[in-house]
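First the structure, in the form of structure tokens, and then the observations on it.
The values are calculated or read from the model by the stated rules, or taken from the named source; none is laboratory data. Note that the coordinates shown come from a computational prediction; the quantities given were computed from them, not determined experimentally. Here the Cβ positions follow ideal geometry from the backbone for every residue, glycine too, while neighbour counts run over all protein chains shown.
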Amino acid sequence: RNRRRRHLDDGLRKISEGFYGRQEMGVRKPADAPPESDRFLPAPHPRDTFDFFGHQKAEAELLDAYRAGRLPQAWILGGPQGIGKATLAWRMARFLAAHPDPAAPAVQQAKNLAVGPNHPAARKISALSFGDLALLRREWQEKTKKHATRISVDDVRRALHIFEQAAGEGGWRMVLIDSADDFNANSANALLKLIEEPPPRCLFLIVAHQPGRILPTIKSRCRRLMLQELAPDELAAAARSALEAAGEKVDAADFSRACARAAGSVREALRLMSSADSEFDALVERALSQLPAVDWRNVHRIADRVVGRGRETEYDAFLQAVFAWLAAALRRDEGRGPRALAPYAMAWEHLEREARDLEIFNLDKRAFVLIVFSQLTAAESAARAALNPHLIS
């Protein structure tokens, strides 16, 4: 009887996935699943993360809006990468899936958005088989064996098919986007068309590492919820939880050093702990800290380290450090006016475009590293000149 029941459940699940377009969106069985662009190993995927650290005010704001019956149709969850924005978005999606009626006693009495991993809605979401939830992220490309560099307009249109039919789960229809930074102009406009005139009982949860770069027409139709870096104790607890969930063990001293350097980001703490070469991280950090002065011998050493097969980790670490440096520069000069910020913003846009072209066309990483330091040197010099005009000769 149990065997027959399992066969029946499996058949119903396959029928449900086909009906709600899950196969169209590329969701596969776990055994066949490609790497996920919105997961950072060794941590569990945010949809499988049930422990939550920090951001109590943000969580309370989402919960209060829902049970008061004033839930906006779209939220932008903004803040630095790796601090828990996606975990909060999935936490909210699980809560609505488990409690579709905001007036229900369980919602009115809830202290937070927690839903246990064994709840049927949580299990469906973890398996990506919840019919009324669409996930938008950079998809895996079988031909190139890489993730797409952007969320395409076709990805958006496929995901939005859930709004062309009644809610199959009897509650909310949701779209979770991780992240808005990966849109191009066409895909962002495709999303805008639906946010402008949303169907009833729908919710867009938009993760954004750089919310300022989202289309103004999208931002104007969303409620923004800005999350800050985790406090040191929260960061340590979150990183430890992620490592325990992955069955990873790390030396206590390495753990403390990584958390101290991670700037409130669990992602960065895990990257530092998993880095096979802390000397490379130190080399990049030293080169960035000396700007606008440049020791080109060290830059060439960095360039040599990111070239060749098996060096993807070093290249990713280099990119992460560069954009973290730019983000810190923008925060540092935030109150000093647009003239001081413009050089960093222009450098960010240029380098992001160069990095995207490098991945698409398989260009030379060594040359890219040299371009990065040329751009950052020019940006830092221009920003300093804007703050101190007398420095201009």
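Yes or no: region 93-100 includes at least one residue that is within 30 Å of LYS249 (Cα to Cα) and either surrounded by 20 or more Cβ atoms within 10 Å (Cβ to Cβ) or over 21 Å from the mean Cα position of the chain (by Cα) (or both). Walk me through how you get there before you give the answer.
Applying the first criterion (within 30 Å of LYS249 (Cα to Cα)) to region 93-100 yields 94.
From the residues that got through so far, the ones that are either surrounded by 20 or more Cβ atoms within 10 Å (Cβ to Cβ) or over 21 Å from the mean Cα position of the chain (by Cα) (or both) too are 94.
The answer is yes, given that some residue of region 93-100 is within 30 Å of LYS249 (Cα to Cα) and either surrounded by 20 or more Cβ atoms within 10 Å (Cβ to Cβ) or over 21 Å from the mean Cα position of the chain (by Cα) (or both).
The set of residues in region 156-186 that are assigned to a helix (DSSP H, G or I), buried (at least 20 other Cβ atoms within 10 Å of the Cβ) and free of Cβ contacts under 8 Å to residues at least 40 places away in the same chain contains only VAL156. Any residue in region 335-346 that is among the basic types (Lys, Arg), part of a helix (DSSP H, G or I) and closer than 22 Å to GLY84 by Cβ? Checking region 335-346: not a single residue is among the basic types (Lys, Arg), part of a helix (DSSP H, G or I) and closer than 22 Å to GLY84 by Cβ. Selection of region 125-155 for residues being charged (D, E, K, R) and buried (at least 21 other Cβ atoms within 10 Å of the Cβ) yields ASP132, ARG137, ASP155.
Name the one entry in ALA239, ALA245 that is part of a helix (DSSP H, G or I), crowded, with 19+ Cβ neighbours inside 10 Å and of a type outside the set (Ser, Thr, Tyr).
Values: ALA245 fails: crowded, with 19+ Cβ neighbours inside 10 Å.
Testing whether each residue is part of a helix (DSSP H, G or I), crowded, with 19+ Cβ neighbours inside 10 Å and of a type outside the set (Ser, Thr, Tyr) leaves just ALA239.
Output the residues belonging to region 274-284 that are at pLDDT 85 or above and surrounded by 14 or more Cβ atoms within 10 Å (Cβ to Cβ).
Taking region 274-284 as the starting set, the residues that turn out to be at pLDDT 85 or above are 280-284.
Across region 274-284, the qualifying residues are PHE280, ASP281, LEU283, VAL284.
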